[in-house]
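**Student:** Okay, handing you the structure first.
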């Protein structure tokens, strides 16, 4: 029986297993990733705002081609990788109910490209605009969804990623650098 299990694991292990956005992923239990950073703000002191972020850095050679949602596993079609594309990193922000914003880098034929998608809930389904205007469009979308109070709370957990810096900069009219420096 163990031999049969080993053989089936080898045969079916070659095909891609989807990455599932769920608690085991956030806890770093998916061996395909060199680093997983997940943070959240769920606090009454920020007006009941829920805000989450996820940063994924796959291991070199990891088989990451397909993504599924965590609650009722179904494919996240807008995030699929094309033929020859290799995921080099993914960063996302969301309230986990009404909107999400993702950016990911792919290497294809020696060229690095950054992709963006934002989604807003329309009734029971998410609508995904295909073009958000690059980094500035991504940051403007997140700025329109996140309060300064929530972002300040999440700031303590966020990595130094270009998406974070771009969103931070959209608050420039209401913040001073002293709000963030030495407050961690």
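The values are calculated or read from the model by the stated rules, or taken from the named source; none is laboratory data. Bear in mind that the values here come from a model prediction, so they are computed numbers and not experimental data. Glycine also receives a Cβ, built like all others from the backbone with ideal geometry; neighbour counts cover every protein chain displayed.
**Student:** Please go through the stretch 30-50 and pick out each residue that is within 20 Å of residue 148 (Cα to Cα) and either under 12 Å from the mean Cα position of the chain (by Cα) or at pLDDT 90 or above (or both). Spell out how you get there, then give the answer.
**Tutor:** In the first step, residues of the stretch 30-50 are kept if they are within 20 Å of residue 148 (Cα to Cα); the result is 38-50.
Listed by number, the residues that qualify are 38, 39.
**Student:** Note down all Cβ pairs under 9 Å where the first residue falls in the stretch 71-82 and is in contact (Cβ under 8 Å) with a residue 24 or more places away in the chain, the second is in a helix (DSSP H, G or I) and surrounded by 10 or more Cβ atoms within 10 Å (Cβ to Cβ), and they're at least six residues apart or on different chains.
**Tutor:** none
**Student:** Could you count how many residues in the stretch 82-109 are out of contact with any strand residue (DSSP E or B) (no Cβ under 6 Å at 6 or more places or on another chain) and either under 21 Å from residue 17 (Cβ atoms) or modelled with pLDDT of 90 or more (or both)?
**Tutor:** Qualifying residue count, the stretch 82-109: 4.
**Student:** Now a separate question. Counting just the residues of the stretch 55-70 that are free of Cβ contacts under 8 Å to residues at least 40 places away in the same chain and in contact with a strand residue (DSSP E or B) (Cβ under 6 Å, 6 or more places away or on another chain), which one comes out surrounded by the fewest Cβ atoms within 10 Å (Cβ to Cβ)?
**Tutor:** Among those residues, the one meeting the criterion is 59.
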